[in-house]
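The values are calculated or read from the model by the stated rules, or taken from the named source; none is laboratory data. This one's a predicted model, so the numbers in the text were calculated from it and none came from an experiment. Because the Cβ atoms are built from the backbone with ideal geometry, glycine has one as well, and the counts that use them run over all protein chains shown. In case anyone asks, the SASA skips ligands and DNA or RNA and just uses the protein heavy atoms, side chains included. Shrake-Rupley method; radii C 1.70, N 1.55, O 1.52, S 1.80 Å.
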Amino acid sequence: MKNINIIGAGASGLFAAYEIKKTAGDKFNIRVFEQGESIYDRRCPIVEKMTKKCINCRPCAIMSGFGGAGAFSDGKYNITTQYGGWITDYMDEKSATELMEYVDEVIIKLSEEEIEGIYEPKSIYKKEALKYDLHLLQGRVRHLGTEKNLSILKSMYEYLKEEGVEFLFKTKIERVSVHQSDYKHKFSVQSMDETFESDILIIAVGRSGAEWFSKQCKDGLGLRLINNQVDVGVRVEVPSEILEDITGEIYEAKIKYRTKAYSDVVRTFCMNPNGYVVTENTDGIITVNGHSFSNKSLGSRNTNFALLVSNKFTEPFDDPYAYGKRIASFSNLLGGGVLVQRFGDLVKGRRTNAHRLSQSFTKPTLDATPGDLSLVLPKRQLDDIIEMIYQLDKMFPGLANENTLLYGVEVKFYSSRLELTDELETSIEGMYAIGDGSGTTRSLSQASASGVHVARIIGKKG
Ligand SMILES: Cc1cc2nc3c(=O)[nH]c(=O)nc-3n(C[C@H](O)[C@H](O)[C@H](O)COP(=O)(O)OP(=O)(O)OC[C@H]3O[C@@H](n4cnc5c(N)ncnc54)[C@H](O)[C@@H]3O)c2cc1C
């Protein structure tokens, strides 16, 4: 039996373990290292309503633990190659779609409850958006909702445990190294107090482990990485009626727009009908995100989504991660966490204070500090966001209302991209990199698909 070590128990790592067990289970021992807790022990003090503000747990229970960053997410599985990653750089569109459809089937099989149907793309909305120079990206969307997503993860855990997969929780891997043995590579992974050897190593560390992994690649493993992008913006919250026509039909509107002022691309992202705005902790910096439940009775009256400006840098700058974190840290400095501002106050150049917020017709779903985002976001990104809000207002009247709430800062980091083969193998034979941490994906569906892809290759090679 060969030993496989997987670092990270997020969507990509779990689907890799699942598929290896399914297709070639008798040939491999699988061990999964996860710095966070098991699915039964993941507790975020904010989710548990023990505190209102992020208290900087290390590791963050939202980002880490069995299920990875997706565990408390909205559970939107987007079956599309139009967004959510770059998996088609490694395979054709048909194969990528088949992998995502396979993941979808497994999820349905693992669910103990009935899962609602898929939201299909509708060309009528694409046509309507084009009238305003807004470009709608569409995909098939399976929305699980946070509560079903968690119960599916519990079933996944029980299944993998029964199949003999060994999980080591609260085990952060500090160092990865490689050495030759019998003309083959052997891999060592080191936690605080133990070293584990394997024949095959799968790195599935997600965005929370991306910085650590980049360092391992540069310092120890000598692997080349490329990264020069970060998306910075805000989370917008409006009464759900403003977007209900489109969210009721296609669930979320992923729209891209090129601003007239700077020719920058601004995009909507992660729309949560009747959802909640939440905080997220990236290496001690508090940023904003959103989610929603599939059970309608748990919903809020608002819909939230991100508005993000893509920033691509040219030489000599090569640290977009630090740039994104630095901007987000301003909101933490001024507001002790996330800031919230009414759109009307932002365009009038004044702070939203507690009094103004209390007068707002739109009631916030996150207890953020009322403030002034113009003191946080650079002028260029702020102008881009304001222009996009007015543009969206043409398609969704009411979106640019005074009481539209903007939370800042939302940052989407792009993990550094490794040079990988079509098999997602690094230039070190036997070492694979999958999911968001490898820079090849940015979604639950593509991350899971990358895990299945690698599992089948490993299974075939034996
Ligand atoms: C709040 C939120 C909501 C989201 N909603 C959606 C959504 O609705 N739809 C969607 O498609 N995507 C969503 N996403 C993104 C989605 O969660 C990710 O794309 C997906 O989880 C990526 O899977 P992954 O396996 O690559 O990484 P992750 O899920 O991030 O898993 C990586 C795991 O590796 C562990 N790890 C990292 N470094 C180490 C180390 N050194 N040692 C041991 N363990 C380590 C981490 O603790 C983590 O558990 C959301 C993300 C967040 C944060």
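Which residues, counting only those in the range 207-246, are of a type outside the set (D, E, K, R), within 27 Å of ILE327 (Cβ to Cβ) and without any contact (Cβ under 8 Å) to a residue 24 or more places away in the chain?
The one that is of a type outside the set (D, E, K, R), within 27 Å of ILE327 (Cβ to Cβ) and without any contact (Cβ under 8 Å) to a residue 24 or more places away in the chain: TRP212.
Could you list, in sequence order, the residues of the range 1-27 that are buried (at least 23 other Cβ atoms within 10 Å of the Cβ), away from the ligand (no atom under 11 Å from the Cβ) and not aliphatic (A, V, I, L, M)?
Answer for the range 1-27, where residues must be buried (at least 23 other Cβ atoms within 10 Å of the Cβ), away from the ligand (no atom under 11 Å from the Cβ) and not aliphatic (A, V, I, L, M): TYR18, GLU19.
If you scan the range 28-46, which residues turn out to be within 12 Å of the ligand (Cβ to nearest atom) and either touching a Ser or Thr at 6+ places or on another chain (Cβ under 7 Å) or open to solvent by 80 Å² or more (accessible area, probe 1.4 Å) (or both)?
PHE33, GLU34, GLN35, GLY36, ILE46
Could you pull out the residue among PHE33, PHE15 that is of a type in the set (A, V, I, L, M, F, W, C) and within 18 Å of the chain's Cα centre (by Cα)?
Result: PHE15 is the single residue among PHE33, PHE15 that is of a type in the set (A, V, I, L, M, F, W, C) and within 18 Å of the chain's Cα centre (by Cα).
Residues that are out of contact with any helix residue (DSSP H, G or I) (no Cβ under 9 Å at 6 or more places or on another chain), among the charged types (D, E, K, R) and within 12 Å of the ligand (Cβ to nearest atom): does the range 172-195 have at least one?
Within the range 172-195, none of the residues are out of contact with any helix residue (DSSP H, G or I) (no Cβ under 9 Å at 6 or more places or on another chain), among the charged types (D, E, K, R) and within 12 Å of the ligand (Cβ to nearest atom).
Listed residues GLU387, GLU425; which is free of Cβ contacts under 8 Å to residues at least 60 places away in the same chain and of a type outside the set (Phe, Trp, Tyr)?
Among GLU387, GLU425, only GLU425 is free of Cβ contacts under 8 Å to residues at least 60 places away in the same chain and of a type outside the set (Phe, Trp, Tyr).
Just a yes or no: is a residue in the range 202-217 more than 10 Å from the ligand (Cβ to nearest atom), modelled with pLDDT of 95 or more and open to solvent by less than 60 Å² (accessible area, probe 1.4 Å)?
Yes, the range 202-217 has at least one match.
Restricting attention to the range 223-239, which residues are open to solvent by 10 Å² or more (accessible area, probe 1.4 Å) and modelled with pLDDT of 90 or more?
Within the range 223-239, LEU223, PRO239 meet the criteria.
Of the residues that sit in the range 409-449 and are in contact with an Asp or Glu (Cβ under 6 Å, 6 or more places away or on another chain) and at pLDDT 95 or above, which one is farthest from the ligand (Cβ to nearest atom)?
By that ranking, first place goes to TYR432.
How many residues does the range 47-89 hold that are of a type in the set (A, V, I, L, M) and more than 12 Å from the ligand (Cβ to nearest atom)?
2
Which of the residues that make up the range 276-293 are within 10 Å of the ligand (Cβ to nearest atom), open to solvent by less than 10 Å² (accessible area, probe 1.4 Å) and aliphatic (A, V, I, L, M)?
VAL288 - this is the single residue of the range 276-293 that is within 10 Å of the ligand (Cβ to nearest atom), open to solvent by less than 10 Å² (accessible area, probe 1.4 Å) and aliphatic (A, V, I, L, M).
Looking at the range 260-283 only, could you name the residues that are more than 16 Å from the chain's Cα centre (by Cα) and either among the polar types (S, T, N, Q) or under 19 Å from GLY68 (Cβ atoms) (or both)?
SER263, ASN274, listed by residue number.
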